[in-house]
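Reviewing the structure listed below.
Just so you know, all these numbers are worked out from the coordinates, no wet-lab data involved. Model, not experiment: these values are computed from the prediction. All Cβ positions, even for glycine, are placed from backbone atoms using ideal geometry, and neighbour counts span all protein chains on display.
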Amino acid sequence: MKSTDRKTLEEIIRVDHAGERGALKIYEGQLLALSTFKNNEKLKKIIEGMKEQENKHFEFFDKEIQKRKIKPTVLLPLWDLLGVALGFGTTMINEKAAMLCTASVEEVIDNHYKNQLDKLGEDEKELKKSISKFRDEEIEHKNTAYDKGATKMGPYSILDKIIQTSSKIAIKVSEKI
């Protein structure tokens, strides 16, 4: 029976806590743009629904951080600022960019959660079950984003690369500090 070492467990919970909070901040930025400069009630409703799910994910990892006495990443304030800016900025570009933001981040998270599930041992069945459920919901967010106009065509391919690369860097850094 494979068990999960403490260091791996701390990294998984720390980065997932930061990532789910980051998702909340991206959606907050998008909703800020939609409440102040853009008028798109349909998009606002979609984003509010995804934000509600992300909040449940964040609450789960926030409890895990406290229960297991794991220090959150010291970069939370920076990730908060960058998340709001990313969400706000992509929404100010247009609806396709806002939806691409979700699709790009969720593609990275899909692989990230899959890798974590492979690392977790049999001693973490409940954590694996939660991460698996959250992964399914993140895939659902990605699919919704593509259904609502996300595209990687033309200049959007550059935006996709920027968002995916930034997400991967944030993951690596947040695992460690």
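Of note:
- The relative contact order of the range 1-94, computed from alpha carbon pairs under 8 Å that lie at least 6 residues apart in sequence, is 50 percent.
- The range 32-120: trypsin sites (Lys or Arg not before Pro) in DSSP coil with no more than 14 other Cβ atoms inside 10 Å: ARG68, LYS69
- In order through the range 10-16: 3J(HN,Hα) via Karplus (6.51 cos²θ - 1.76 cosθ + 1.60), integer Hz, x for Gly, Pro: 4, 4, 4, 5, 4, 6, 5
- Kirkwood Rh, angstrom, the range 6-176 [1 / mean 1/r, Cα pairs]: 16.1
- Simple Cβ-charge dipole of the range 104-176, Lys/Arg +1 and Asp/Glu -1, about Cα centre, in debye nearest 20: 280
- For the chain, the 222 nm mean residue ellipticity estimated from helices alone, with every DSSP H stretch of n ≥ 4 adding -39500 (n - 2.57) and the total spread over all residues, rounds to -29000 deg cm²/dmol.
- Extended-chain gain in nm, criterion 0.36 nm per residue less alpha-carbon gap, ASN143 and LEU75: 21.5 nm
- Near-label residues of the range 155-169 by backbone N, under 19 Å of a point 7 Å along Cα→Cβ of LYS114: 161, 164-169
- P(r) weight above 15 Å for the range 122-177, C-alpha pairs, percent: 69
- Amide H partners (placed H, <5 Å) of GLY121, local residues excluded: THR4
- Computed label-point distance, nm, for sites ASN55 and GLU122 using a 7 Å Cα→Cβ extension: 3.9
- Listing VAL15, VAL74, VAL105, VAL173 from fewest to most neighbouring C-beta atoms within 10 Å gives VAL74, VAL173, VAL15, VAL105.
- Integer Hz, Karplus 6.51/-1.76/1.60 couplings in order for the range 83-95, x for Gly and Pro: x, 4, 4, 5, x, 5, x, 5, 5, 5, 5, 4, 5
- The mean sequence distance of close C-alpha pairs (under 8 Å, at least 6 residues apart), as a share of the length of the chain, puts its relative contact order at 34 percent.
- Net charge in the neighbourhood of ILE65 (other residues with Cβ under 13 Å of its Cβ; Lys, Arg +1, Asp, Glu -1) is 0.
- 3J(HN,Hα) along the range 141-157: 4, 4, 5, 4, 4, 5, 4, 9, x, 4, 8, 10, 7, x, x, 5, 5 Hz, from the Karplus curve 6.51 cos²θ - 1.76 cosθ + 1.60 with θ = phi - 60°, whole Hz, x for Gly and Pro.
- Taking other C-beta atoms within 10 angstrom as a stand-in for reagent exposure, SER167, SER174 fall in the order SER167, SER174, fewest first.
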